[in-house]
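Scroll down for the structure; my scribbles are underneath it.
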Amino acid sequence: MVRLLALLFALAGPLAAQDRDTLHLELVLDPRAEAPLESEMILATIRGVYRETITNEELKLRSMTDFDWTRLGQDDWTDQQVDGRTARVFERRIAFYPKRAGTLEILPIVHELQVLDAEGQRETVLVRSAPVKIEVGEKPVNAGEKWFPVRALELSDTWETDAGKLEDGQNVERRVVLRALGATPEMMPQQPPLREPWLITFAPPAEQNFQVTSQGPVTTLVWTWRLRPITGEPGVIPPVTIPYFDTSIRESRTATIPAAPIGYASFSDNAASGWRKDLGVDWPLLATFVLTLILGLTPTLKGRTGFPVVLGRLRRKFQTRQKLRRLRRHADDGDAVRFRALAQSLIRTRSGTRPFEVHPVLQPVDAMLFGGKEFHESVDLRVVFREVRRHVYSSENVAGSRSSGIAA
């Protein structure tokens, strides 16, 4: 009775097909000139040659200690002449990724087939491939965690507008697309932060796309940043280097996100027009004033080195008055963004405030602009303008007193 039950159980389960010359399965590695390195893609084809009528099938790949793997596209079934006989040929492309160096073994792959026997009865058989050993080399000693072996890497960098000529308070989007052949999403580098003390940066999660081809997977990352200068003074975002190992030429290479200037156009315009002919004043009146001042000061400053200092101070005062007139127009128009950028420039120039520090006079404006939905209080820019003007005049008086003491 026990023998009968054992026989019935064996007949009910799948049968091994190793002794049947009509069913054959193998793993065929793509030819290569050099041994692969740790984490480098290894391309292969699972190929089955079958001379029986197949009604159903399922390919089974087990998890492996030494390899990760990914399937490359759909299975391909064709009728071919193999060794002079017609056969049904099964092919599946696959990529393996060794997790360590050494002599590693790809475990047998099982293809479960449901076939029809000579009497038309369905029979389930298991076809196994032979294990395959691979010699895997070690990654370079200095590779570290940034070891990134790929067949090809492409990088593109675009801006939605000219970042060096932004309008006051304008945000700009930077978009970098990184595309790698032979890499899975887990292998791709992290998005760089692009943080600078003078820059407001917002980086949403990266967009990711994964496609498969017969020559390996293609992973695409899209990194975006929303950027805005704090002061508007032109700055340069430094370059970002992405090291990788090009497996097609067996060399270490780098892809670089280039350095990029960013700033407000108004800041550059102010610097360029600081002493041009259009000062916004009546020219005859200005000429008379300057001539009178020079004639009055010449006897006093004759033989002294302070005369150029006085002229320089006079020039800076005219520039300051021009900026204050623009600041008042922004306040009257209620343009808080342009008001804040120009006021910060004036205050920093006079008081030596560092680019990423906010003067107390401007804190109400910052709260209104950046405070979020919980901040509902409106700020009268004309009141803030008077405070800024008082601070600028006070700073000028202190600087003037020091310059007079030096020139005397």
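Rounded to the nearest Å, what's the spacing between the alpha carbon centres of region 31-56 and region 159-186? Just the number, please.
Region 31-56 and region 159-186 have Cα centres separated by 39 Å.
What does the convex hull of the Cα atoms come to per residue for region 89-143, in Å³?
Working: hull volume 5.3 nm³, N = 55.
Taking only Cα atoms, region 89-143 has a hull volume of 96 Å³ per residue.
If Lys and Arg each add +1 and Asp and Glu each add -1, what is the summed charge of the other residues whose beta carbon sits under 15 Å from the beta carbon of residue 258?
Its environment carries a net charge of -1.
Tell me the net charge near residue 107. Cut-off is 12 Å between Cβ atoms, residue 107 excluded, with +1 for each Lys or Arg and -1 for each Asp or Glu.
Local charge sum for residue 107: +2.
For region 86-123, which GluC sites (Glu not before Pro) are both in a DSSP coil and crowded by at most 16 other Cβ atoms within 10 Å?
Counting only loop positions with at most 16 other Cβ atoms within 10 Å, the GluC sites (Glu not before Pro) in region 86-123 are 119.
Net charge near residue 56: determine it from the other residues with C-beta under 9 Å of the C-beta of residue 56, scoring Lys and Arg +1 and Asp and Glu -1.
Working: positive: 122; negative: 57, 58, 112.
Taking every other residue near residue 56 into account, the sum is -2.
Taking 1 over the mean of 1/r across every pair of different Cα atoms in region 13-136, what Kirkwood radius in Å do you get?
Roughly 15.6 Å, rounded to one decimal.
Report the relative contact order of region 141-263, percent, no decimals, based on alpha-carbon pairs under 8 angstrom and at least 6 residues apart.
With pairs under 8 Å counted, the relative contact order is 31 percent.
Might you report the magnitude of the Cβ-based charge dipole of region 13-136 about its Cα centre, with Lys and Arg at +1 and Asp and Glu at -1, to the nearest 20 debye?
On the way: 16 positive and 23 negative charges, 35 e Å.
The dipole magnitude comes to about 160 debye.
Charges on Cβ only, +1 for Lys and Arg, -1 for Asp and Glu, centred on the Cα centroid of region 13-136; of 29, 101, 59, which one is farthest towards the dipole's positive end?
101
Read the figures in this text as sums done on the coordinates, not as results from a lab. Just so we're clear, the structure is a prediction, and the values are computed from it rather than from any experiment. No Cβ is skipped: glycine too gets one built from the backbone with ideal geometry, and neighbour counts run over all protein chains shown.
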